[in-house]
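Here the structure comes first, spelled out in structure tokens, and everything after it is commentary.
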Number of protein chains: 2
Amino acid sequence: MKKAELKQTECAARLAAVEDAMYVLGGKWKLRIITAVVSGYHRFNELQRAITGISARVLSAELKSLELNELVRREVKADLTPVVVEYLPTEYGMTVKEVVSVLGNWGLKHKKRITGKSAALIAKED
Amino acid sequence: MKKAELKQTECAARLAAVEDAMYVLGGKWKLRIITAVVSGYHRFNELQRAITGISARVLSAELKSLELNELVRREVKADLTPVVVEYLPTEYGMTVKEVVSVLGNWGLKHKKRITGKSAALIAKED
DNA sequence: CTGGATCCACTAAGATACTG
DNA sequence: CAGTATCTTAGTGGATCCAG
């Protein structure tokens, strides 16, 4: 395999990794939910109130996904009624902070660059 | 405004910035296209061949979006037939490299962590 | 060759109602 | 309280044909 081909392969692998990350963290709600959990909202209905606009259905699905990826931890506090369920942050979940930070910084810079210059962020009413 | 409220505001602003970034870079194709352009594919059909699976419609739309955000530059080489159009990387487009890098690293680590442990990246056949 | 136009399929997500 | 079930809607992307 030649050098150029190696480069191609590396590049594809990087892209695949990026897509994995997007798959786990992307979408409309995942980061919001992680943030909320980290911020101290632990109960289901608490989260639904904190995250304006999310439906129970979606919140439920997203929490399951985050739990599978070990970004939050689900803990049943009692098996008597009323059942108390808590979603707690994991130490691993904290590792997304760096990602969020870099992404956020770029987004901020980009907005400054583009705002007023054109309608680039158009159709995404700020 | 109290300290806690300030924190909330900051947090919301960060999230908004992250979402802006996601909006500009996210989706199925944007990063792929940027990568392809940076890698030396400049013509429309060249890009379509390089990016396996993309349709002309989507490529066209994505390129417009990227151009609006100044991540690629569209240049018409001749106004005679056959018209030659080139999509070129901008220096600004290079600033996404850091983002891609961080995202990619996290994605890679995450895959290693999760693979085999569960079906977490499930339904996303690798 | 470079796309625009049209039509269609798929999926994410909203609304609402309901169960243990 | 903590979800699930069902229905519906909106956005995204694919396929195909067509025009400059």
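The values are calculated or read from the model by the stated rules, or taken from the named source; none is laboratory data. Keep in mind it's a predicted model, so treat the numbers as computed, not measured. Cβ placement follows ideal geometry from the backbone for every residue including glycine, while neighbour counts extend to all protein chains displayed. All accessible areas refer to the heavy atoms of the entire protein, side chains included, with ligands and DNA or RNA removed. Shrake-Rupley method; radii C 1.70, N 1.55, O 1.52, S 1.80 Å.
Filtering the range A:42-62 to residues that are in contact (Cβ under 8 Å) with a residue 12 or more places away in the chain and either within 13 Å of another protein chain (Cβ to nearest Cβ) or within 21 Å of B:K111 (Cβ to Cβ) (or both) leaves A:A50, A:I51, A:E62. The number of residues in the range A:71-117 being among the acidic types (D, E), closer than 28 Å to B:L103 by Cα and more than 7 Å from chain B (Cβ to nearest Cβ) comes to 1.
Only one entry in A:R14, A:R49 is at pLDDT 95 or above and among the charged types (D, E, K, R), namely A:R49. The set of residues in the range B:103-122 being open to solvent by 20 Å² or more (accessible area, probe 1.4 Å) and modelled with pLDDT of 80 or more consists of B:N105, B:L108, B:K109, B:K111, B:K112, B:R113, B:T115. In the range B:72-94 there is at least one residue that is in contact with a Ser or Thr (Cβ under 8 Å, 6 or more places away or on another chain), modelled with pLDDT of 95 or more and away from DNA strand D (no atom under 12 Å from the Cβ). Scanning the range B:59-83 for residues that are assigned to a loop (DSSP other than H, G, I, E, B) and surrounded by 20 or more Cβ atoms within 10 Å (Cβ to Cβ) gives B:N69, B:L71. Could you tell me whether B:L15 is touching a residue at least 12 places away in the same chain (Cβ under 8 Å) and more than 9 Å from DNA strand C (Cβ to nearest atom)? It is false that B:L15 is touching a residue at least 12 places away in the same chain (Cβ under 8 Å) and more than 9 Å from DNA strand C (Cβ to nearest atom).
For B:D20, state whether it is at pLDDT below 95, open to solvent by less than 80 Å² (accessible area, probe 1.4 Å) and acidic (D, E). Yes, satisfied.
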